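The values are calculated or read from the model by the stated rules, or taken from the named source; none is laboratory data. Note that the structure is predicted; figures quoted are calculated from it, not measured. Every residue, glycine as well, gets a Cβ built from its backbone with ideal geometry; the counts of neighbours run over all protein chains shown. Quick note on the areas: whole protein, heavy atoms, side chains included, nothing else; ligands and nucleic acids left out. Shrake-Rupley method; radii C 1.70, N 1.55, O 1.52, S 1.80 Å.
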Amino acid sequence: MRAFFAWAALLLAAPLAAEEPDYEAFGEFLEEFRKESGTPAMSALILKDGEIVWEAYLGTSDDERDFPTIAQTTYSIASVTKPIAATAVLAESLAGDVFLGEPMTADADWAEFCAYFATTSIPFMGGGEDMFGNTIPPVDCAKPTTLIEMLNMRANGDAFVYNPIAFARIDRVIEGAGGRDLRSIVRDRVLTPAGMKDVALGWRDPDAGDALRLLAMPYHTVDGRIVKQSLSDDDFRASAGMMANPRAIAAFDLALDAGQLIPPANLKRMSTMELGPLGDYQTGWWLEDYAGKRLLWHSGKDDQKYSAIYLKVPQDRLTLIVLANTEAIWNEGSSVVQAKAAQSPVARRFLESFVK
């Protein structure tokens, strides 16, 4: 009996074994979701503790189904361009080649652009209310918005408002102030040092490698049918325009975490700063808290063509990257004044499965 109690005490004192992440179940969910949403191609990976621990390349990337999705398959990543471009601008400023206090009026057309769009019905320009009843203030054209404020989405006043149209003017501001073109900044400050391969910075990128050759064609559901769409002719801006595969974004993620692109202080600041009830937006990232842990994330949508999710949980050293050649993984019903990653069904399943 004495031996039994000693054995029981040892059992109680021993730490419980950590539950192994069920990546296989998440992969099964993604494949089912891909089929149900009519998405021909989907690529996904998870990083944990500085390495890729799971990846999946699902479906086919062409309308004849001759080309299975592979690790090198690329997609338009749409607004997931923003954290990458913002990191490059920060790195350029640290080198003394960009002044973050530069006013948006360094773009010679800023005043005319702002005055026009402020009168439109676009909520993040003219103001309004989101689906949760939150007020969306109009863009403040009288405010001397600076480059760093624009990187933090503060063109509409003191509180953040996700304003991708204004954010897209960042390259014009930098060049208007005598700086380099944004494509050169992003390639020199981020893509090359991070080892990001086969990334196209827009259609006119002379150094895109195989990014355009391996691009998954875009699709959209029309009357229940999956219909191939034409490619967007928008060029590269701070807001969007990159074409990449998940491993390239993973290379960025690893380099960012390692402090190889900008000092770790910026990531630490975003991971620890106090947030309001609606979250925040800082230097190209949405910020919010989930289950007591900080999330840094961005989603992307190339309208009726592509969608993307890039989600970091710094406290757990955990990252999700998912790319698709339909709109399926976009945060439908997302707000421009409230960070809410779980509006995306894919992000929601990931959070429920792996963030405790």
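What does the convex hull of the Cα atoms of the chain come to per residue, in Å³, rounded to a whole number? Provide the component values of the computation, followed by the final result.
Values: hull volume 59.1 nm³, N = 356.
It is 166 Å³ per residue.
Which angle between 0 and 90 degrees, to the nearest 10, do you get for helix 246-257 versus the longest principal axis of the chain when only C-alpha atoms count?
Helix 246-257 and the main axis of the chain meet at about 90 degrees.
Tell me, what is the per residue accessible area of the chain in Å², probe radius 1.4 Å? Display every interim value, and only then the final one.
Values: 16030 Å² over 356 residues.
On a per-residue basis, 45 Å².
Which FRET efficiency value, to the nearest 0.05, is calculated for ILE226 and GLU274 with the Förster distance at 51 angstrom and r the Cβ-Cβ distance?
0.70
State the dimensionless ratio Rg/Rh of region 102-235 (Rg: radius of gyration of Cα atoms; Rh: Kirkwood radius). Please list the in-between numbers first.
On the way: Rg = 18.2 Å, Rh = 17.4 Å.
Using only Cα positions, Rg/Rh for region 102-235 is 1.05.
Can you list the residues of region 318-355 with backbone N under 11 Å from a point 7 Å past the Cα of ASP289, pointing along Cα to Cβ?
What the label zone holds, given the 11 Å backbone N cut-off, is no residue at all.
Grab the chain and count how many Lys pairs have their alpha-carbon atoms under 20 Å apart, sequence gap of 8 or more, or different chains.
So the count of such lysine pairs works out to 25.
Treat each spin label as a single point 7 Å out from the Cα along the C-beta direction, and report the ALA159 to GLU19 distance in nm.
Inter-label distance under the simple model: 3.6 nm.
Just to verify a number: what accessible area does SER353 come out at with the full protein assembly present, 1.4 Å probe, Å² rounded to tens?
Counting only protein heavy atoms, SER353 exposes about 50 Å² to solvent.
Looking at region 163-261, which chymotrypsin sites (Phe, Trp or Tyr not before Pro) are DSSP coil and have at most 15 other C-beta atoms within 10 Å of their C-beta? Write out the running numbers ahead of the final one.
Values: sites: PHE167, TRP203, TYR219, PHE236, PHE252; in loops: TRP203, PHE236.
Counting only loop positions with at most 15 other Cβ atoms within 10 Å, the chymotrypsin sites (Phe, Trp or Tyr not before Pro) in region 163-261 are TRP203.
In nanometres, what is the gap between the two model label sites at ALA71 and GLU129, each 7 Å from Cα along Cα-to-Cβ?
Taking the simple label geometry, ALA71 and GLU129 are separated by 5.1 nm.
List residues of region 152-196, by number, whose backbone nitrogen lies under 19 Å from a label position 7 Å along Cα→C-beta of THR119.
What the label zone holds, given the 19 Å backbone N cut-off, is 166.
Using r as the Cβ-Cβ distance of ARG348 and GLN304, and R0 as 25 Å, what FRET efficiency do you calculate, to the nearest 0.05? Write down the numbers at each step before the final one.
Working: r = 22 Å, r/R0 = 0.89.
For ARG348 and GLN304, the calculated efficiency is 0.65.
For the chain, find the longest principal axis of its Cα atoms and tell me its angle to the long axis of helix 81-94, 0 to 90°, nearest 10.
The two axes meet at around 70 degrees.
Expressed as an acute angle from 0 to 90° and rounded to the nearest 10, what is the orientation of the C-alpha long axis of helix 23-36 relative to the principal long axis of the chain?
50
Between ASP140 and ALA111, with labels modelled 7 Å along Cα→Cβ, what's the label distance in nm to one decimal, could you check?
Label at ASP140, label at ALA111, 1.9 nm between them.
What percent do you get for the relative contact order of the chain when only Cα pairs under 8 Å and 6+ apart count?
Details: 699 pairs, mean separation 81.7, N = 356.
With pairs under 8 Å counted, the relative contact order is 23 percent.
Per q in 0.20, 0.24, 0.29 1/Å, what log10 I(q)/I(0) does a Debye calculation on the alpha-carbon atoms of region 80-140 return?
Taken in order of the listed q values, log10 I(q)/I(0) reads -0.93, -0.96, -1.02.
Need the C-alpha centroid separation for region 207-259 versus region 305-356, integer Å.
Answer, in whole Å: 16.
For the chain, what does the helix formula give at 222 nm: sum of -39500 (n - 2.57) over DSSP H segments with n ≥ 4, over the residue count, nearest 500 deg cm²/dmol?
Values: 12 runs with 103 residues, N = 356.
Mean residue ellipticity at 222 nm (helix-derived): -8000 deg cm²/dmol.
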